[in-house]
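Below is one structure, written out as structure tokens; comments come after it.
The values are calculated or read from the model by the stated rules, or taken from the named source; none is laboratory data. Everything quoted here is computed from the prediction, not taken from an experiment. Heads up, the Cβs are rebuilt from the backbone with ideal geometry, glycines too, and the neighbour counts pull from every protein chain shown. Heads up: the accessible areas ignore ligands, DNA and RNA and are worked out on the full protein's heavy atoms, side chains in. Shrake-Rupley method; radii C 1.70, N 1.55, O 1.52, S 1.80 Å.
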Amino acid sequence: MAAVIGKPGESARWVAYMDLLGLPFIVFIMVGLVIPVIALFADSLGGNRYVIVVGGVVVGALFGFKGNMEMYHAMRDSKNWARGASGEEQVGAVLATLSDDYVVFNDYHPTNADGKALPWNVDHIVVGPTGVFVIETKNYHIRKVRPAAKDTYTRKNVKQTQRNAMEFKNAFKTWSGHQLDDLFVKPLLVYTQEGAFVEKPFENPVKVIPLKWLAGEFTHARKAVLDPDQVYRISRAMFMKLSV
């Protein structure tokens with residue numbers, strides 16, 4: 001079994017929970033507490049008690065309508081984040097089955113020299129004999145994944161995956177003291193929805209694959225490009241720059 005560091009989908013799952021729970025609480029405060037308080041102290045506010053209460057109800061209704069709309073969008077976003085977290089968990093389960101020659105980093109959040117989190121993170125990074133892989137995970141409703149040239153979402157996902165690989169590569173040059181500047185980082189974009197069909201598996205330089213192909217990317221017909229000492233040095237440098 002591979003050495004696994006980090007929990008897949010943890011950040012996405014947390015955002016899903018916050019989106020789902022945050023806005024209903026705000027709406028409850030506005031509608032459930034503000035209006036009764038206005039009614040309770042209407043006399044002390046001066047003016048007609050009923051006008052103030054009705055005005056409070058109108059204001060509360062407006063906030064409630066706005067809150068309900070925001071809740072709708074938040075719940076939709078929460079569902080999307082939860083779906084994304086589920087996809088990352090599926091990928092993490094496959095990566096955990098790799099041999100003990102591999103080290104898997106899930107939900108990777110690196111830091112700079114000052115210990116502050118860098119403005120990027122990666123769903124998964126795999127280090128092993130067959131190289132270093134930076135993996136972006138997507139989990140959509142639609143099974144067919146169209147080529148980047150024909151689909152905005154695929155194009156955006158490919159660019160994100162390539163950007164993550166480049167940022168990791170540039171950061172790792174500094175982390176390793178430029179000892180492994182020639183290290184080749186392989187970007188993978190993995191779609192985890194059931195029955196995913198990728199029309200174009202290679203979007204130079206990003207490999208685009210369904211989940212069922214993932215394990216083979218590390219093992220099938222691949223020669224070793226990193227020795228055990230290099231795997232250890234790379235993994236150690238990554239661990240030292242891990243935001244925990």
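What is the one condition in (1) open to solvent by less than 10 Å² (accessible area, probe 1.4 Å); (2) within 20 Å of Glu10 (Cα to Cα) that Gly128 does not satisfy?
Unmet for Gly128, out of (1) open to solvent by less than 10 Å² (accessible area, probe 1.4 Å); (2) within 20 Å of Glu10 (Cα to Cα): (2).
In segment 197-215, how many are among the charged types (D, E, K, R) and either surrounded by fewer than 18 Cβ atoms within 10 Å (Cβ to Cβ) or touching a residue at least 60 places away in the same chain (Cβ under 8 Å) (or both)? Lay out the reasoning, then the answer.
Here is the first cut: in segment 197-215, the ones among the charged types (D, E, K, R) are 199-200, 203, 207, 212.
Still in the running and either surrounded by fewer than 18 Cβ atoms within 10 Å (Cβ to Cβ) or touching a residue at least 60 places away in the same chain (Cβ under 8 Å) (or both): 199-200, 212.
Looking only at that region, the number is 3.
If you scan segment 153-193, which residues turn out to be hydroxyl-bearing (Ser, Thr, Tyr) and farther than 14 Å from Ile135 by Cβ? Show your work before the answer.
Quick first cut of segment 153-193, residues hydroxyl-bearing (Ser, Thr, Tyr) only: 153-154, 161, 174, 176, 191-192.
Correct list: Tyr153, Thr154, Thr174, Ser176.
Check Ile234 against each of (1) assigned to a helix (DSSP H, G or I); (2) open to solvent by 10 Å² or more (accessible area, probe 1.4 Å); (3) not aromatic (Phe, Trp, Tyr) and name the one condition it does not meet.
If we test Ile234 against (1) assigned to a helix (DSSP H, G or I); (2) open to solvent by 10 Å² or more (accessible area, probe 1.4 Å); (3) not aromatic (Phe, Trp, Tyr), just (2) comes out false.
Working only within segment 79-120, note down all residues that are in a loop (DSSP other than H, G, I, E, B), among the aliphatic types (A, V, I, L, M) and more than 14 Å from Gly9 (Cβ to Cβ).
First, pick out the residues of segment 79-120 that are in a loop (DSSP other than H, G, I, E, B): 96-102, 109, 112-116, 118-120.
Still in the list and also among the aliphatic types (A, V, I, L, M): 96, 98, 113, 118.
Those that are in a loop (DSSP other than H, G, I, E, B), among the aliphatic types (A, V, I, L, M) and more than 14 Å from Gly9 (Cβ to Cβ): Leu98, Ala113, Leu118.
Tell me which of these Asn164 doesn't satisfy, since it passes every other one: (1) exposed (fewer than 15 other Cβ atoms within 10 Å of the Cβ); (2) touching a strand residue (DSSP E or B) at 6+ places or on another chain (Cβ under 6 Å).
Evaluating Asn164 over (1) exposed (fewer than 15 other Cβ atoms within 10 Å of the Cβ); (2) touching a strand residue (DSSP E or B) at 6+ places or on another chain (Cβ under 6 Å) leaves (1) as the failure.
Name the residue, out of Lys173, Lys116, that is open to solvent by 30 Å² or more (accessible area, probe 1.4 Å) and under 15 Å from Ile234 (Cβ atoms). Show your work before the answer.
Working: Lys116 fails: under 15 Å from Ile234 (Cβ atoms).
Within the list Lys173, Lys116, the selection yields Lys173.
Examine segment 130-144 for a residue that is closer than 27 Å to Met1 by Cβ, part of a loop (DSSP other than H, G, I, E, B) and under 19 Å from the mean Cα position of the chain (by Cα), and state whether such a residue exists. Reasoning before the result, please.
Within segment 130-144, the subset closer than 27 Å to Met1 by Cβ is 130-139.
Filter again for part of a loop (DSSP other than H, G, I, E, B), leaving 130, 139.
Restricting the remaining residues to those that are under 19 Å from the mean Cα position of the chain (by Cα) gives 139.
Yes.
Just to be sure I understand, how many residues within segment 205-227 are modelled with pLDDT of 90 or more, hydrophobic (A, V, I, L, M, F, W, C) and not in a helix (DSSP H, G or I)?
Matching residues across segment 205-227 total 5.
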